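Student: So that we are looking at the same thing, I have put the structure below in structure tokens.
The values are calculated or read from the model by the stated rules, or taken from the named source; none is laboratory data. Remember, predicted model here, so these are calculated numbers, not experimental data. Using ideal geometry, Cβ is built from the backbone for each residue, glycine included, and neighbour counts are taken over all protein chains shown. SASA here: full protein model, heavy atoms, side chains in, ligands and nucleic acids out. Shrake-Rupley method; radii C 1.70, N 1.55, O 1.52, S 1.80 Å.
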Amino acid sequence: MLIIALIMLLVTTLIGISVFEMGSNNLVVVANLESREQARKAAEDTLEVAIENLALLIESLAPDSPKAVFFCEGHKNHQCHDIDGDGLLDIEVSLTDPQPSCMLVTPTRNDELDVTDINDQGCFIGTQQGGAVDGAGATGQSMCSASVWDLRAVAVDVMTQAEARVRQGVSVRVSNNDVATECP
């Protein structure tokens with residue numbers, strides 16, 4: 001009888017240990033998923049800031065350019081995030097690996113421009129009368145092109161090394177005179 005009781009106690013102990021291990025593993029998985037999700041959100045936030053300051057970001061790509069949208073730990077175009085408010089770096093996001101790149105430049109026609117948009121007003125070829133473009137340039141090529149940029153952010157959680165990669169495309173209107181320098 002004592003032997004049966006000891007065997008039952010051993011079996012119960014083994015079941016208890018395995019349940020504890022499974023619970024511990026589940027907590028680790030959930031914590032890793034949370035770290036990765038926080039890193040993804042930080043990468044998306046960083047891309048939003050970069051898109052708002054895209055002209056500065058493009059200018060900062062030139063070799064030896066001291067300009068940058070942001071710095072983190074002395075790295076140009078990296079952003080630091082303190083998720084828990086303890087004053088320590090939790091997530092570092094990089095926009096430089098790989099560098100933002102110009103993927104495509106497409107000429108823009110006059111009829112694709114918005115007369116009320118201040119960014120488009122200098123692009124028209126022809127004369128404007130009553131809010132519309134007049135003359136032969138009305139549907140012809142404008143003095144601007146649309147450049148499409150590929151931006152990528154890589155976020156790494158400093159503690160868990162969880163990583164998230166986010167990619168975003170954005171179109172930027174550039175003058176045809178600046179296409180070679182804006183989109184090499």
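Student: Going residue by residue through segment 53-70, is there one that turns out to be touching a residue at least 12 places away in the same chain (Cβ under 8 Å), open to solvent by 100 Å² or more (accessible area, probe 1.4 Å) and closer than 24 Å to Leu151 by Cα?
Tutor: no
Student: Then there is this: Of the residues Leu27, Leu47, Leu14, which single one is of a type in the set (A, V, I, L, M, F, W, C) and farther than 27 Å from Ala162 by Cβ?
Tutor: Leu14
Student: Looking only at residues that are open to solvent by 100 Å² or more (accessible area, probe 1.4 Å) and without any contact (Cβ under 8 Å) to a residue 60 or more places away in the chain in segment 16-40, which one is nearest to His81 (Cα to Cα)?
Tutor: Selected residue: Glu34.
Student: How many residues are at pLDDT below 90 and either of a type in the set (Phe, Trp, Tyr) or open to solvent by less than 10 Å² (accessible area, probe 1.4 Å) (or both) if we restrict to segment 152-164?
Tutor: Final tally of qualifying residues: 0.
Student: Can you pull out every residue in segment 52-85 that is more than 15 Å from Ala153 (Cβ to Cβ) and of a type in the set (Val, Ile, Thr)?
Tutor: Those that are more than 15 Å from Ala153 (Cβ to Cβ) and of a type in the set (Val, Ile, Thr): Ile58, Ile83.
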